[in-house]
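Asks: Could you have a look at this structure, given as structure tokens, before my questions?
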Amino acid sequence: MSAGGNIDTGNPLRHAGPKLFLLDVRNRTERRYLLDWLHSTWGDVASAADIDWVALPMSDESKPLRIDGLIRALAGDPERLVIPMRVAWRISGFDQNRPLRFRDIIFGDPRQPGGLRARLILLRDRRRGHCLIGDPATVADLKARLAQQVAAEDLDDDASFAGFVTRQATLTLDVQERGVQGTRYKVPRYVADSIAAGPAFRAELKTLALESGQPSGALITEARRYLRELVSTPSALFLDLRARLERFMLQGYKGGLQYDPQELENLRQLIRTKPTAILFTHKTYIDGTTPNMLFYNNDLPMLHSFGGINLDFFGIGTLFRRSGLIFIRRSFQDNPVYKIVLRSYIAYLLEKRFPMSWALEGTRSRLGKLMPPKYGILKYVLDAAHDEAIRDVHIIPVVTSFDLIRDVEEYAAEQTGRIKKPESLGWFIGYVKSLREPMGRVRIDIGKPVVVASAPAPDDKLALAKIAFEASVHANDATPLTVTSVMCLALLGTAPRGATAPELLATTTFITSWARSRGIRMTEELQSLDPAELRATADTLVNSGLIMRDDRGSATVYTIEPEKHAMASYYRNTIIHHFLNRAIIELALFKLDEDDEGTGDAVAQFWAEVMRLRDLFKFEFFYPPSDAYRAAVARELALTDAGWERMVAARGKPLARLIRRFQPLVGHAALLPFVEAYTVVFDQLVRQSSGDNL
């Protein structure tokens, strides 16, 4: 067999000195393929005095490496050039339609064929075998590189050096292979071994051993067990299979995943140059899939996602672990070894520029609005960045907006007292089947990054809270108005009566115009106000039972039945933060208008009421600092009427005219549910006797 494929015979191969070709092969066919090329280039390689080769299954981390031959080959001339080589296997037509199937789990990844399968591939189409040559380095250079990464006592260990060389060769070949297969398959290699060999990691375990009195060996063994539990082991096959599953899970949403191409390009540039963390808002089980799909479909590096270990059940756990999911224990506060392993793993991903992803809120929002951020994973990311002096960490909020969310029915049922069902394989299959129902469109928006130039100290809780708060504010800013959310806002605002089709369209048009003048994001359908698109979304909402439509009379009337109010309020709540300033202004103006005596400084009284309401709802929404908040409220008033301050000061008819300028009113639609909830709590508190348990 003569070697074919595309060979880059650049300067490293014309190096005049001694060479060691390190062949990354999984079977005899691949070894023969590469050796045939060496033979065609240099003649009889085996007899050449200054050329040698060693074949090892370096990219197959499941196989033990017999490195005795490599140890002997590395023991010679320190100026010998080590040149790694590998065969990359293409899938015919894969770039066009990605036909990888679930049966490939049984028969194996066609990009990693066995010996017989590889021979058959070459017989049918030799172009599917692509020879790769990684960046070379001398033995002396590799030893110097090792000295920067391991403890001094490991430098003279020949086996450790040989293992390091194989890892470096694998990494440089992976870089070359991504040029053939795609950047979406950028995955870390030998993660557990690299972390375990790090001097900082070993030093932490030694310090813990001294403090706890436990043997160092026992702690190292425990740490390796946690590394096996935590470290994701992604492969191209499972990345493709997960993408296929996630595409199936989104099949109920027509038109594919919508996004802003410029936002995506900006994100691509950040990921290339900065350590990044993608924080998605969590409203459904599947909103963690949308960043993965965005990255996969646009050939961005795989996301390392964090998930609760409760999702690591039979079948699905293996798929997710092999495609980038990191399963974390729910509680490990009293486990210092686990903390060290997790922090070291995160530091490794940051340093190597592997983007990470997790839910900003930690759990799904049962109300629709953004929940307070959870600090757990964020703290470990920032602690790792602080300990390793990793700068310019970019925390990027990502918001997924769905026309309909399957989980909302579950949330509404839980509000009536139904117990949440535990996750299992049967539950997962049933959930996926339910996603086939038509549910409108899905859109993903990328928010403004929070740039952490220098990570705060681990004990700086205030700095951590500020970073999380800023990410939440940017997430809210990135949340767009959707047709569903605006319709629910409008119809809940008119409840218990409905709205005719012209009334609903007029309200939607007003809200769209208002939002556009304030720079609030909107989906394409809402921004265009295309009647066909609006009708299509309305049909989806009607068919789902969320909205009722009665067209038996002279005008079509839309309503939301009382038993559906909890579900509709969920969609309304996803956008009410955009209307918060307007709602508080309305309430403050009505409060001022009700003051029959009309004494005192009206403007000062208005601002006092605004700040009182801000404080009342401080646990429900994210506010900027007081000065910035006052400026935002003043800006909203000025956009409504430039003479607002004079009208407030005059009271009476001028104030009434200003209030009319705020029609249609949104205060009751935005804030009434929270006031009612507070009233219920207050009523129960009043009814309690001293010492009663709530």
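Asks: Put +1 on the Cβ of every Lys and Arg and -1 on every Asp and Glu Cβ in the chain; which of A162, N266, A588 then has its Cα farthest towards the positive end of the dipole?
Replies: The residue sitting farthest along the positive end of the dipole is A162.
Asks: If amide hydrogens are placed 1.01 Å from N in the peptide plane, which non-local residues have theirs closer than 5 Å to the one on M302?
Replies: K186
Asks: Oh, and also: Please calculate how many Å² of accessible area segment 514-592 carries per residue, with a 1.4 Å probe and no DNA, RNA or ligand atoms counted. Before the final figure, lay out the partial values.
Replies: Details: 3430 Å² over 79 residues.
Dividing the accessible area of segment 514-592 by its residue count gives 43 Å².
Asks: Another one. Let's see if you can work this out: charge +1 on each Lys and Arg Cβ, -1 on each Asp and Glu Cβ, no other charges. What is the dipole magnitude of segment 172-238 about its Cα centre, in debye to the nearest 20? Each step should come with its number before you reach the end.
Replies: Values: 9 positive and 7 negative charges, 36 e Å.
Using only the charged Cβ atoms, the result is roughly 180 debye.
Asks: Pull up the cross-link candidates among the aspartates and glutamates for K379, meaning alpha carbon to alpha carbon under 19 Å and not fewer than 8 places away within one chain.
Replies: E204, D334, E351, E361, D387, E388, D392, D459, D460, E470
Asks: Over all directions, what mean area does the Cα convex hull of segment 181-301 project, stated in square nanometres? Show your work: numbers first, answer last.
Replies: Values: hull surface 41.5 nm².
Computed as one quarter of the Cα hull surface, the answer is 10.4 nm².
Asks: Moving on. Give the residue from V82, V473, T41 lying farthest towards the positive end of the charge dipole for the chain; charges sit on Cβ (+1 for Lys and Arg, -1 for Asp and Glu) and the dipole is referred to the Cα centre.
Replies: T41
Asks: Return the distance in nm (one decimal) between the two label points of a simple spin-label model at D77 and N335, each offset 7 Å from Cα along Cα→Cβ.
Replies: With each label point 7 Å from Cα toward Cβ, the separation is 5.2 nm.
Asks: Additional query: How far apart, in nanometres, would the label points at E423 and V603 be if each is projected 7 angstrom from Cα along the Cα-to-Cβ direction?
Replies: That separation, rounded to one decimal, is 5.5 nm.
Asks: With +1 on each Lys and Arg Cβ and -1 on each Asp and Glu Cβ, how big is the dipole of the chain about its Cα centre, in debye rounded to the nearest 20?
Replies: My answer is approximately 1740 debye.
Asks: Continuing with this model, one more query. Quick one, can you get me the convex hull of the C-alpha atoms of segment 228-276 expressed as volume per residue in Å³?
Replies: On the way: hull volume 6.4 nm³, N = 49.
So the per-residue Cα hull volume is 131 Å³.
Asks: I'd like the projected area of segment 525-678, averaged over all directions, using the convex hull of its alpha carbons. Report it in nm² with one decimal. Walk me through the intermediate numbers first.
Replies: On the way: hull surface 48.3 nm².
Taking a quarter of the hull surface, the average projection is 12.1 nm².
Asks: For S62 and Q684 in the same chain, what is the full-extension length gain: residue separation times 0.36 nm, less their Cα-Cα distance, in nm?
Replies: Difference between extended and current length: 217.9 nm.
Asks: Let me ask another. When ligands, DNA and RNA are left out and all protein chains stay put, how many square angstrom of accessible area per residue does segment 352-451 have with a 1.4 Å probe?
Replies: Numbers: 4140 Å² over 100 residues.
On a per-residue basis, 41 Å².
Asks: Rounding to the nearest 20 debye, state how big the charge dipole of segment 561-647 is about its Cα centre with +1 on each Lys and Arg Cβ and -1 on each Asp and Glu Cβ. Don't jump to the answer; show the numbers that get you there.
Replies: Working: 10 positive and 16 negative charges, 105 e Å.
So the magnitude is around 500 debye.
Asks: Provide the gained length on full extension for the span K448 to F248, in nm with one decimal, where the gain is 0.36 nm per separating residue minus the Cα-Cα distance. Could you put the intermediate results ahead of the total?
Replies: Numbers: separation 200, 0.36 × 200 = 72.00 nm, distance 2.97 nm.
The span from K448 to F248 would gain 69.0 nm if fully extended.
Asks: Follow-up question, since we're still on this one. Which of the three applies to segment 251-293, rounded, prolate or oblate, going by the alpha-carbon gyration tensor with a ≥ b ≥ c and a/c under 1.5 meaning rounded? Walk me through the intermediate numbers first.
Replies: Working: a/c = 3.08, a/b = 1.51, b/c = 2.04.
The shape class here is oblate.
Asks: Right, another one. Relative to the longest principal axis of the chain, what angle (0 to 90°, nearest 10) does the C-alpha long axis of helix 28-42 take?
Replies: Roughly 60 degrees between the two axes.
Asks: Largest first and to the nearest Å, give the Cα extent of the chain along each principal axis.
Replies: Reported extents, whole Å, longest axis first: 106, 62, 49.
Asks: While we're here: Would you work out what percent of the accessible area of the chain, with all protein chains in place, is carbon or sulfur (probe 1.4 Å)? Walk me through the intermediate numbers first.
Replies: Working: 17090 of 32340 Å².
On the chain, the fraction of accessible area on carbon and sulfur atoms equals 53 percent.
Asks: Which length gain, in nm to one decimal place, applies between E645 and S528 when the Cα-Cα distance is subtracted from 0.36 nm times their residue separation?
Replies: Length difference between fully extended and current span is 38.7 nm.
Asks: How big is the shadow of the Cα convex hull of segment 265-404, averaged over all directions, in nm²? Please report the intermediate quantities before stating the final value.
Replies: On the way: hull surface 37.5 nm².
Over every viewing direction, the Cα hull of segment 265-404 projects on average to 9.4 nm².
Asks: For the chain, find the longest principal axis of its Cα atoms and tell me its angle to the long axis of helix 580-593, 0 to 90°, nearest 10.
Replies: So the inclination is approximately 20 degrees.
Asks: What's the longest piece of the chain with no exposed GluC sites (Glu not before Pro), counting a site as exposed if DSSP puts it in a loop and it has at most 12 other beta carbons within 10 Å? All intermediate terms of the calculation are to be shown ahead of the outcome.
Replies: On the way: sites that count: E79, E594, E597.
The segment 80-593 is the longest one with no such site.
Asks: Output the 0 to 90 degree angle, nearest 10, between the alpha-carbon long axis of helix 483-494 and the longest principal axis computed from the alpha carbons of the chain.
Replies: Between the helix axis and the principal axis of the chain, the angle is about 20 degrees.
Asks: Here are some pairs, K339/K433; K186/K274; K206/K339; which of them have Cα atoms lying more than 26 Å apart in this structure?
Replies: On the way: K339/K433 38 Å; K186/K274 16 Å; K206/K339 15 Å.
Correct reply: K339/K433.
Asks: Taking 7 Å along the Cα-to-C-beta vector as the label spot, tell me the N266-A506 distance in nanometres, rounded to one decimal.
Replies: Inter-label distance under the simple model: 3.8 nm.
The values are calculated or read from the model by the stated rules, or taken from the named source; none is laboratory data. Just so we're clear, the structure is a prediction, and the values are computed from it rather than from any experiment. Using ideal geometry, Cβ is built from the backbone for each residue, glycine included, and neighbour counts are taken over all protein chains shown. The protein model used for the area step is the full one, side chains on, heavy atoms only, and it has no ligands, DNA or RNA in it. Shrake-Rupley method; radii C 1.70, N 1.55, O 1.52, S 1.80 Å.
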